[in-house]
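Data block below; observations after.
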Amino acid sequence: MLHRLNAYRIMWLFVYFDLPTKTKKERKEYRLFREGLENDGFNMLQYSIYTRHCMSREDAEKHKKRVKEILPPHGHIIIHTITDKQFGMMENFYSAKKKKTKNPQYEQLTMF
C-alpha cells in the first residue's frame, strides 16, 4: 500500500516553450532559458519540450518556481505536471527511414 501511495506522489514536470529567435538578443534569451532548465536538472524530450523527474509535489513546486524565475521577457511557456503513473503511460513513436545495415551473419568477430 505504501508503494502505491508513493507512486502518486512522484511527479514529472514538463516545460513547453515557444520563444522568438529572430534577433541576436532573442536567441541569447532562448539559449539562457534552455541552459537554465538544464542547470536545474531538466532534460530535452523534444525540441522546446523539457522534462524533469520530481520525488514529490513539493519538489515539483520548487522546480516550477525556479522555472518561473528564469522566464524570458517574450514568448509562450507552459508548465505541466503529471504523475509518474501518467508518465509511464506515454507512448513514443519515431518515424525515420530505416538504414541499411550489414547482415550480422556475414560479419566476423576478430579477437586478436
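FYI, it's all coordinate maths here, none of it is from the lab. Owing to the predicted nature of the structure, the values given are computational and were not obtained by experimental measurement. In this analysis, Cβ positions are derived from the backbone assuming ideal geometry, glycine residues included, and neighbour counts consider all displayed protein chains.
Provide the FRET efficiency to the nearest 0.05 for the residue 96-residue 9 pair, computing r from the beta carbons and using R0 = 35 Å. Kindly include the intermediate steps, with their values, before the conclusion.
On the way: r = 36 Å, r/R0 = 1.04.
That pair, residue 96 with residue 9, gives E of 0.45.
Show which aspartates and glutamates lie in cross-link reach of residue 25 when reach means a straight Cα distance below 18 angstrom and same-chain residues fewer than eight apart are skipped.
Partners found: 35.
What is the spin-label model distance, in nm, from residue 86 to residue 21 if the labels are put 7 Å beyond Cα along the C-beta direction?
Here the answer is 2.8 nm between the modelled labels.
Near residue 28, which aspartates and glutamates are there with a Cα under 17 Å away, not counting those fewer than 8 places off in the same chain?
Within reach: 18, 38, 69.
What translational D, rounded to a whole number of µm²/s, comes out for segment 10-87 from Stokes-Einstein when the hydrodynamic radius is the Kirkwood one over Cα pairs, at 25 °C and 0.890 mPa s?
Estimated via Stokes-Einstein, D reaches 193 µm²/s.
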